[in-house]
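What follows is a set of notes on a single structure, which appears directly below.
The values are calculated or read from the model by the stated rules, or taken from the named source; none is laboratory data. Model, not experiment: these values are computed from the prediction. Cβ: placed from backbone, ideal geometry, glycine included. Neighbour counts: every protein chain shown. Protein only, heavy atoms only, side chains kept; ligands, DNA and RNA dropped before computing areas. Shrake-Rupley method; radii C 1.70, N 1.55, O 1.52, S 1.80 Å.
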Amino acid sequence: TDRLYTKRFEEETNLRCHIIIDSSSSMHYPKLRYNQLFYESKIGFSVLASAVLMNILKKQRDAVGLSVFSDTYESYAPERGSDRHYRMVLNTLERLLENPKVSKKTDTVTFLHQIAEKMHRRSMLILFTDMFHPDASQGNEEEFFNALQHLKHNKHKVVVFHVIDKKTEINFNFDNAPRKF
């Protein structure tokens, strides 16, 4: 016909996203007072941000999974897109806020390697952590980056949210009372 045509289309993609939350005691800092909002703590922010990301992914009909760890592997939910699975993951996130951890350490490196072994299909992995792990205090932060490389090596897209309390952990804005750290 000797006419030019432009072919336009929308491509449907299926994203698999796995949210990983560090639930150690340091993530439950600062301890919230009576009138403070839940998202003013590091774990509260992580839970809220995870729920928002899950809502966006649900609207796009993408699959979402969740892993929660501290010194043990507390929760694992593989990636699924059903409404029932979505409610179950939200319930798990809500329980994180209700049960603050007392003197729980974290073993980030071990659990990141375990998660890398469990993830067989290419996914987006979103990690919420304050990066306070025992290896870092001894100068072995290279092990943490090796664990992240293990995730990346399996062709996953890795996003790390370094969650901190800027007021007290960066600016050291404390009152003039004696403190024990």
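Overview of results
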item	result
Ranking by accessible area, most exposed first, for 34, 5 with a 1.4 Å probe	34, 5
15 Å beta-carbon shell around residue 125, net charge (K/R +1, D/E -1)	+3
Inverse mean reciprocal Cα-Cα distance (Kirkwood Rh) of the chain, Å	18.0 Å
Solvent-accessible area per residue for the chain (1.4 angstrom probe, square angstrom)	68 Å²
Euclidean distance between Cα centres, segment 144-181 to segment 66-112, Å	18 Å
Average Cα contact separation per residue, the chain, under 8 Å, 6 or more apart, as relative contact order %	25 percent
Unit charges on C-beta of K, R, D, E only; dipole of the chain, Debye	540 debye
Cα gyration tensor category, rounded, prolate or oblate, for segment 26-118 with a/c compared to 1.5	oblate
Selected from 153, 85, 18 as most flexible by GNM, with the chain as the system and alpha-carbon contacts under 10 Å	153
